[in-house]
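*Asks:* Got a structure for you, questions after.
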Amino acid sequence: MVNGSSNKIYEVNTKVISNTLVNNNYKHLILSAPSKVLDIQPGQFFHLKCPNFEDTISFLRRPMSVYQYNKQQRKIEFLYKIQGKGTMAMSSLKHSDYFNIVGPLGKGFELNKNYKNILIVARGVGLATLAPLANLAFEKKINLTIICSARSKEYLMSLELFESLSSSVFTITDDDNTSSVDNLNRLINQFIKNKKVDAIFTCGSSRILKLLKDICEQYNIPGQVALEQQMACGIGMCFCCVKPFRINGKIVQKRVCNEGPVFNISEALPW
Amino acid sequence: MVDLTTNIGDLVLKNPIMPASGTFSDELANVFNIGKLGAHVAKTITEEIRSGNPTPRVSESGNNMLNSIGIPSKGIENFKKKYYHYTQSIKFHLLQAFQLLQQIASPIFAKKLAFQVLMQLK
């Protein structure tokens, strides 16, 4: 296939198992899904048909990265922030409701088989996107160092999951004044000096992407970032979801849905 | 099977089903068997590379959406490289479309010639 992944894309009706509040703004949706849609690469996403809710209609589907999946149990999970009318409508989903999803979509994270130590830096809802990558790295016996950044402790979601996969999980928050770029820079420099870091993965913050671009260049470490963009088709034909990238000194527009959502940190531009 | 063979000028299509320009891409091969179509109409291709409009390019409102993509194109050279190997018939139709549109090119593309390509599927 040209550009993105060559996986089959399906439209399926799933059934809601549960849809529970994690904190004030986030919900955790667990769906029962046919196993054919569950051959998923970490970082890939689904395009979700939000239900009609009160007087609102979400005409376009909403792209959302996968939080967890289990092919044996036929389950797929999303962790989402209630932000606009689409996610507001999603928050109304109840046990045994049907929910239509399209996927898996896009190009996910790549874990090179030579990687021994990787660093994951996630902010806010980016924690959800990076959770399947942490799972896969754990399965492949790759050492994981994870930095979770959030506004406050209650938004440090999936901390238990990360702690079950790695003994090096660090949390930084705005409330504790520990999440500044300077502090993060100090922390990452320490890791790199103590132990060779083979690759860095991130999602969820423009400031962190900017910092990691500098660090990756300085230490010549490959890095990958999962990006978000408003989408229409989610498959690649409509060209609505482009973002600018710098490649060999030139600005190039790429589709987040198809060439991404995971891109090289060296090419991605902070937004 | 009903014979749906259709002629458009000297083109012979196995059926008359084809997408409108810009509503289709080869990524849809991951969704369904695109070999069932009679033809594939490519998104507009310009002679030179065009980056298209800045984002946001789409907006939804109630039961509808508006989009303004700005006719991005990787240019004709990229298109030729990417598709020439698919079918030998493209070369002929591409040249034919090129010549036709050279004569009727719209004012927008007076300098940057645009053309649509109908790709016959065998």
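*Asks:* Pick out which of A:Phe46, A:Phe59, A:Phe109 has the largest mean-square fluctuation in a Gaussian network model of chain A, springs linking Cα atoms closer than 10 Å.
*Replies:* Result for chain A, Cα springs under 10 Å: A:Phe59 fluctuates most.
*Asks:* With the crude spin-label approximation of a point 7 Å out along Cα→Cβ, what separation in nm comes out for A:Glu110 versus A:Arg207?
*Replies:* Label at A:Glu110, label at A:Arg207, 3.1 nm between them.
*Asks:* Moving on. What is the extension gain from A:Glu54 to A:Asn177, computed as 0.36 nm multiplied by their sequence separation minus the C-alpha to C-alpha distance, in nm to one decimal?
*Replies:* 40.2 nm
*Asks:* Oh, and also: Could you list A:Glu77, B:Glu27 in order of exposure, starting from the residue whose Cβ has the fewest other Cβ atoms within 10 Å?
*Replies:* Listed from fewest to most nearby Cβ atoms, that is A:Glu77, B:Glu27.
*Asks:* Moving on. Return the subset of A:Lys107/A:Lys243; A:Lys250/B:Lys81; A:Lys140/B:Lys82; A:Lys81/A:Lys153; A:Lys75/A:Lys113; A:Lys81/A:Lys116 for which the Cα-Cα distance in this structure is over 25 Å, preserving the input order.
*Replies:* From the list (A:Lys107/A:Lys243; A:Lys250/B:Lys81; A:Lys140/B:Lys82; A:Lys81/A:Lys153; A:Lys75/A:Lys113; A:Lys81/A:Lys116), the Cα-Cα distance tops 25 Å for A:Lys140/B:Lys82; A:Lys75/A:Lys113; A:Lys81/A:Lys116.
*Asks:* Additional query: Looking only at other chains, what is the average number of their beta-carbon atoms within 10 angstrom of each beta-carbon in B:58-64?
*Replies:* 5
*Asks:* Once phi is turned into θ = phi - 60°, what whole-Hz ³J(HN,Hα) does the Karplus curve with 6.51, -1.76 and 1.60 give for every residue of the stretch B:30-44, x standing for Gly and Pro?
*Replies:* After applying 6.51 cos²θ - 1.76 cosθ + 1.60, I find 7, 9, 8, 6, 6, x, 6, 6, x, 7, 10, 9, 6, 4, 3 Hz.
*Asks:* With r defined as the distance between the Cβ atoms of A:Arg246 and B:Met1 and R0 fixed at 45 Å, what FRET efficiency is calculated, to the nearest 0.05?
*Replies:* 0.30
*Asks:* Describe numerically, in nm with one decimal, the distance between label points set 7 Å from Cα along Cα→Cβ at A:Lys193 and at A:Gln218.
*Replies:* Label at A:Lys193, label at A:Gln218, 1.0 nm between them.
*Asks:* Restricting the count to DSSP beta bridges whose residues both fall in the protein assembly as shown, what percent are antiparallel, rounded to a multiple of 5?
*Replies:* The answer is about 70 percent antiparallel.
*Asks:* Quick one: which residues, 5+ away or cross-chain, put their amide H under 5 Å from the amide H of A:Gln229? H built at 1.01 Å from N.
*Replies:* none
*Asks:* Could you please report the charge total around B:Met65, scoring K, R as +1 and D, E as -1 over all other residues with beta-carbon less than 15 angstrom from its beta-carbon?
*Replies:* +4
*Asks:* Show me, for the stretch A:148-162, the HN-Hα J-couplings you get by feeding each phi into the Karplus relation (A = 6.51, B = -1.76, C = 1.60, θ = phi - 60°), rounded to Hz, glycine and proline as x.
*Replies:* 10, 10, 7, 4, 8, 4, 5, 9, 7, 7, 6, 4, 4, 4, 4
*Asks:* Here's something else I'd like to know. How much net charge surrounds A:Val16 when only the other residues with a Cβ under 15 Å from the Cβ of A:Val16 are counted, with Lys and Arg +1 and Asp and Glu -1?
*Replies:* Computed value for this residue: +4.
*Asks:* With a 10 Å Cβ neighbour count serving as the proxy for reagent exposure, in which order, fewest first, do A:Ile30, A:Ile188 appear?
*Replies:* Lowest count first: A:Ile30, A:Ile188.
Read-outs throughout are calculated quantities, based only on the coordinates presented, and are distinct from any laboratory measurement. In this text the structure is predicted, and so the values were computed from the model without any measurement. So basically every Cβ, Gly included, is an ideal-geometry build from the backbone, and we count neighbours across all protein chains shown.
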